[in-house]
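The values are calculated or read from the model by the stated rules, or taken from the named source; none is laboratory data. Given the structure is predicted, the values throughout are model-derived calculations rather than measurements. Glycine gets a Cβ as well: all are built from the backbone with ideal geometry, and neighbour counts include every protein chain shown. These accessible areas exclude ligands, DNA and RNA; they are computed on the full protein's heavy atoms, side chains included. Shrake-Rupley method; radii C 1.70, N 1.55, O 1.52, S 1.80 Å.
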Amino acid sequence: MAMDALNPPRKSGRTGSFFNDPKVRGVMYQAIALFLIALCLYWIISNTVENLHRSNIASGYGFLNGRAGFDVGQSLIAFTSDSKYGRAFIVGLTNTILVAVTGIITATIIGFIVGIGRLSNNWLIAKLSLAYVEFFRNIPPLLVIFFWYYAILSLLPLPRESINLPLDTYLNNQGLLFPKPLAGDGFGLTLIACLVAFALVIGLVLWSKKRQAATGRSLPVLAISIAILIALPALTLILSGMPLTFEVPVAGRFGIRGGSTIGSEFISLFLALSFYTAAFIAEIVRSGIRGVSKGQTEAAHALGIRPRQTTRLVVVPQAMRIIIPPLTSQYLNLMKNSSLAVAVGYADLVAIGGTILNQTGQAIEVVSIWIIVYLSLSLITAAIMNWFNARVSLVER
Amino acid sequence: MAKKIVTALVGATLLGLGAQGASAATLADVKAKGFLQCGVNTGLTGFASPDSAGNWTGFDVDFCKAVAAAVFGDATKVKYTPLSAKERFPAVQSGEVDVLSRNTTWTINRDTALGLNFRPVTYYDGQGFMVRKSLNVKSALELSGAAVCVQTGTTTELNLADYFKTNNLQYNPVVFEKLEEVNSAYDAGRCDVYTTDQSGLYSLRLTLAAPDDHEVLPEIISKEPLGPAVRQGDDQWFDIISWVHYALVNAEDFGITQANVEEMKKSANPDIQRFLGVEADSKIGTDLGLTNDWAVNIIKAVGNYGEVFDRNIGAGSPLKIERGLNALWNKGGLQYAPPVR
């Protein structure tokens, strides 16, 4: 019958072919795809190795133990031309992390200010914030970096005509020079005092939170914290007999020299990344705050909570849930954009890696190191932000 | 950001995938595609730079033209790939360019571990320093404390570190990838000193806002033999590249110029007859895989070594570099070519 032909009985035994089972077929397709990908990878890798071998190019990571032979202008750790290539990579990595972390902090601060500014009732503030966002969001980051770099190079004076700022600080187109602190004997006590002050502040914050939850009374935590953070180390420093001296920049043949220097490359890259990313963060913040229903504010007001506390305790915590996921991707963008440093000569991972690549000719090895490092940095950042997101997200009971 | 990585990645991938066809018969490949792919500088006045019409000119460019003239009898059959210092070696290794003619220093590391071959030295150079006259510096030994602009990935960068270390001088390197970036940073006063090969300094000085405010210091701190490079593993192509340069030098030695090459074919001098391929039963070109009039084609296209030098970087150019070490061996220089026999 027609009906039987269309719907053969499932358990007839004749049709239960192994390959007709959709589940089995699904697994098989995946297995075949996986096999093809593996084959492709194997082909690429073996072909590369073969070709490298055939064109007499040395390969492997042994070159990392070779003497670098070049100097690096900006370095957080000690580095000379006698150091190894591996250490040069670490210098690049720390420089990348430095500009990424400082950039993320500043971009977040500027972004929150501008984002809130866009919601302001003050016409001028709202429009200025809007102009800021539209300007920086719509030009490529490389141009922003060039903009700051050439602004610094052409607006600031030559080193011999440095601008003299208070506290023996000088500004010229080679960078910002300031007195370099030199720790004497007994300075360790002050460092310990700093740690103690820090611990005290954390304790204070936790205690005051608990107290407020229990009694409803709040403390001026910020003011007290700042007082502790400044007073305790300062007092220790004075009591231990001021074991801190400064190496002051002085005028030399090539302008102001000595002390500590922040190079114009770092300054321009840092400013560019901060300003560029802040424009995106501002929009994220604005959308986050807008995303909190107006009823929440009204309910808080109806309960007699003051406007400032409403923002801090009702609106912002809920907005954060919307803000954090896209914020994470902006942080990742900032970190990846930091590799544009090479355009202005800041010694980041890509710039130093490029030098190493050229001096050793180990293109594949250097590129693989770049990829692994950026991948790890991004994954670490994402992990931290995911942890933070989990903390502020809505706990469903 | 990613652009750099992508460029390098593409280079690395090319290395992995592309090298097959590039390994052996470069001459046959070049003839088959109908043009020579030549790696040159991104812009170094006198050596390789595009003019206002987009045509490449310069000392290194003329070498590419000479190779094309030798291979095709036509100096226009060249395509140029402008390469930064960082990009140049992967470009040769991967077969992206057939020959690298980009003021590149011949070193043992590049000749061995990088899989390249160097032989003729087209320009004997050495590293020097340029400073603002207003600094009143008369010797490189007075440079302690200076900020020095340098291009990354060059022998210059390494010599600089060695020189300052040996002489116990402090300095702050400011490193850029592109020559233009180094130029503008130095011009804007980011650095007190500019260092690169001395020929390069003379060339770059012309591009500064006020060339007369800068001077090149007398010290030469390194040996920089500049010459063309090819991949290892193709002896025939390596021979052709080497002999193109030797032909240029021999032509100057014989007094054969772009203007008189046709006349010289009738010369009674057997050396000249052999060199120009007019000797009976000559195999002077066919042994190289070229035609017997290959040297004639080169000279017709670009002239002899002296003419190439004068036109691009010597007395006949704005650079006005002295022949110095690059004079012929019998005139006090180092340019010496093996005999054509």
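Listing for the model above:
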read-out	value
Any chance A:Ala341 is at pLDDT 85 or above, open to solvent by less than 30 Å² (accessible area, probe 1.4 Å) and in a helix (DSSP H, G or I)	yes
Filtered residues of the range A:356-397 (kept if within 14 Å of chain B (Cβ to nearest Cβ), of a type in the set (Val, Ile, Thr) and open to solvent by 10 Å² or more (accessible area, probe 1.4 Å))	A:Thr360, A:Ile364, A:Ile369, A:Ile371, A:Ile372, A:Val373
Single match in A:Gly345, A:Gly259, A:Gly304 (criterion: farther than 27 Å from A:Ser376 by Cα and either touching a Lys or Arg at 6+ places or on another chain (Cβ under 9 Å) or within 14 Å of another protein chain (Cβ to nearest Cβ) (or both))	A:Gly259
All helices (runs of 4 or more DSSP H) inside the range B:113-205 with 1 or more residues being more than 20 Å from the chain's Cα centre (by Cα)	B:155-166, B:179-187
All positions within the range B:47-94 that are more than 22 Å from B:Val121 (Cβ to Cβ) and either modelled with pLDDT under 90 or open to solvent by less than 20 Å² (accessible area, probe 1.4 Å) (or both)	B:Asp51, B:Ser52, B:Ala53, B:Gly54, B:Ser84, B:Lys86, B:Glu87, B:Pro90, B:Ser94
Residue match in the range A:139-151 (condition: over 18 Å from A:Ser268 (Cβ atoms), in contact with a Ser or Thr (Cβ under 9 Å, 6 or more places away or on another chain) and outside any strand (DSSP E or B))	no
The listed residue being hydroxyl-bearing (Ser, Thr, Tyr), more than 20 Å from A:Ile356 (Cβ to Cβ), open to solvent by 40 Å² or more (accessible area, probe 1.4 Å) and within 12 Å of chain A (Cβ to nearest Cβ), out of B:Thr207, B:Thr166	B:Thr166
Extreme residue, most open to solvent (accessible area, probe 1.4 Å), among residues of the range B:95-112 that are more than 13 Å from every other protein chain (Cβ to nearest Cβ) and more than 10 Å from the chain's Cα centre (by Cα)	B:Trp106
Among the residues listed as B:Glu262, B:Glu252, the single one being farther than 18 Å from B:Thr104 by Cα, open to solvent by 60 Å² or more (accessible area, probe 1.4 Å) and outside any loop (DSSP other than H, G, I, E, B)	B:Glu262
Selection status of B:Leu116, open to solvent by less than 10 Å² (accessible area, probe 1.4 Å), modelled with pLDDT of 90 or more and not assigned by TED's automatic domain parsing to the domain that holds B:Ile241	yes
For B:Leu226: the one exception among (1) over 22 Å from B:Pro339 (Cβ atoms); (2) open to solvent by 10 Å² or more (accessible area, probe 1.4 Å); (3) not acidic (Asp, Glu)	(2)
B:Asn269 over 29 Å from B:Thr207 (Cα atoms), crowded, with 22+ Cβ neighbours inside 10 Å and among the polar types (S, T, N, Q)	no
Qualifying residue in the range A:183-201 (condition: over 26 Å from the mean Cα position of the chain (by Cα), closer than 30 Å to B:Val148 by Cβ and part of a loop (DSSP other than H, G, I, E, B))	no
Per-region count, the range B:314-329, residues in contact with a strand residue (DSSP E or B) (Cβ under 8 Å, 6 or more places away or on another chain) and within 15 Å of B:Asp60 (Cβ to Cβ)	1
Hey, A:Leu334 under 22 Å from the mean Cα position of the chain (by Cα), more than 16 Å from B:Gly153 (Cβ to Cβ) and either open to solvent by less than 20 Å² (accessible area, probe 1.4 Å) or more than 9 Å from chain B (Cβ to nearest Cβ) (or both) or not	yes
Hits in the range B:222-249 (condition: outside any helix (DSSP H, G or I), within 14 Å of chain A (Cβ to nearest Cβ) and under 19 Å from the mean Cα position of the chain (by Cα))	B:Ser222, B:Ala229, B:Val230, B:Arg231, B:Gln232
Selection status of B:Val174, more than 30 Å from B:Trp329 (Cα to Cα), of a type outside the set (Gly, Ala, Ser) and in contact with a helix residue (DSSP H, G or I) (Cβ under 9 Å, 6 or more places away or on another chain)	yes
Residue satisfying condition, being more than 12 Å from every other protein chain (Cβ to nearest Cβ), open to solvent by less than 50 Å² (accessible area, probe 1.4 Å) and touching a residue at least 40 places away in the same chain (Cβ under 8 Å), within set A:Gly60, A:Gly73, A:Gly103, A:Gly86	A:Gly103
